[in-house]
1. For the stretch 116-189, state the average projected area of the convex hull of the C-alpha atoms over all orientations, rounded to one decimal in nm².
2. Work from the charge dipole of the stretch 116-229 (Cβ charges, +1 for Lys and Arg, -1 for Asp and Glu, about the Cα centre) and give the residue of Thr214, Tyr202, Leu183 farthest towards its positive end.
3. Heavy atoms only, 1.4 Å probe, whole protein assembly: order Lys118, Lys245 by accessible area, highest first.
4. Taking N as the number of residues in the stretch 157-300, what is its Cα Rg relative to 2.2 N^0.38 Å?
5. Magnitude of the Cβ-charge dipole of the stretch 39-177, K/R +1 and D/E -1, about the Cα centre, nearest 20 debye?
6. Just the number: Rg to Rh for the stretch 194-259, Cα atoms, Kirkwood Rh, two decimals.
7. Would you mind listing how long the chain runs along its three principal axes, going by Cα atoms, in whole Å with the largest first?
8. Within the chain, which DSSP H helices have Cα atoms that stretch 30 Å or more along the helix axis and a mean Kyte-Doolittle hydropathy of at least -0.5?
Amino acid sequence: EGEVTGKTDNQEEIMPAEQVASFSFEELSTRQFYFGSGVGAWGEEFSIEKDGYFTGKFHDSNMGETGEEYSNGTCYSCAYSGHFADITRVGEYIYEMKLTDISYKEEPGTEEILDGMKYIYTDAYFMGADDMFYVYLPGMPIEEMSESLYMWVRDYNQSESELTMIVIVDEKQELAAASLKRLTPSEDAQMNYNFYKESFDYYEEKLTNEAQTTLDMTIYSGKMYEVSDECLNYLWNLICYNVPKDRYSEILKEQEAWIKEKESIGKEIADVYEGGSLAGASVNDALARFTIERCAKLLDYLQ
């Protein structure tokens, strides 16, 4: 009993005492954290960077919750970011850290209907309800965890007697998030670029083949721009934390010049249409394509 069996490459080795004593946000940045039901119906995942900055998403889909305008169901979701600070050791295998701020991409309580699905934007389930979180480290005896906490991570753990992974805990709400080894920056960049590019192509096809009114064109081109901008921000965050400082300085100067050029392109196109009905769609379309091209360049920097 207590032996780690069936350990995968995504599991932690039991940490030696000196590593436990020097634990920091840098170790947390190597992990991806998951909180959910374990069956995919709903869940939350987040990652933490070397300076305590975090980003995450929550989703809960209900295909049976439909209406006249949303026959494809309802999705409760949010995307968020914020910061942890003051990570401090408080036990043999336990650290605490303070959540200093959290913000949401969409205002909680708002909603919209897109492509036959109703999106209701919410607060996060795991993150943000409390300001103090705890980090349980590999090697911690399971008997020191309450059953209500361990139930959240049981399916991920590889031992019956001790933790084999880093776990983040909200003790007040009795919630625990399991972790797996995070993708390399190159893998992360490629996977997310592919995801955003697929979404970009989807709205581009809608714009090309289905848009019948100026409003349709503005909506679909706007989604293309939104998707490309999200992709750009995601890749830029990876560059900030994973490119050597001297190389980052070069890319930053290049990025600042690119932003100025993008602003100039948007102004030139807007001036051509002089506020006409096609101005919004034309600006959106041009900036979306300019941005997704820049994403491909940023992707190269992370390979």
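1. 7.5 nm²
2. The residue sitting farthest along the positive end of the dipole is Thr214.
3. Working: Lys118 40, Lys245 175 Å².
Listed by decreasing accessible area, they come as Lys245, Lys118.
4. Details: Rg = 20.5 Å, N = 144, 2.2 N^0.38 = 14.5 Å.
In units of the globular-protein estimate, the stretch 157-300 measures up at 1.41.
5. Working: 8 positive and 29 negative charges, 61 e Å.
It comes to approximately 300 debye.
6. On the way: Rg = 15.7 Å, Rh = 13.5 Å.
Computed over Cα atoms, the ratio is 1.16.
7. Dimensions of the chain along the principal axes of its Cα atoms: 71, 53, 34 Å.
8. On the way: long enough: 185-209 (35 Å, -1.55); 214-242 (42 Å, -0.02); 245-273 (42 Å, -1.08); 279-301 (33 Å, 0.19).
What comes out of the filter, once short or polar helices are dropped, is 214-242, 279-301.
The values are calculated or read from the model by the stated rules, or taken from the named source; none is laboratory data. What you are looking at is a predicted structure, and each value in this text was computed from that prediction instead of being measured. In this analysis, Cβ positions are derived from the backbone assuming ideal geometry, glycine residues included, and neighbour counts consider all displayed protein chains. These area figures cover heavy atoms from the full protein model, side chains too; ligands, DNA and RNA do not enter into them. Shrake-Rupley method; radii C 1.70, N 1.55, O 1.52, S 1.80 Å.
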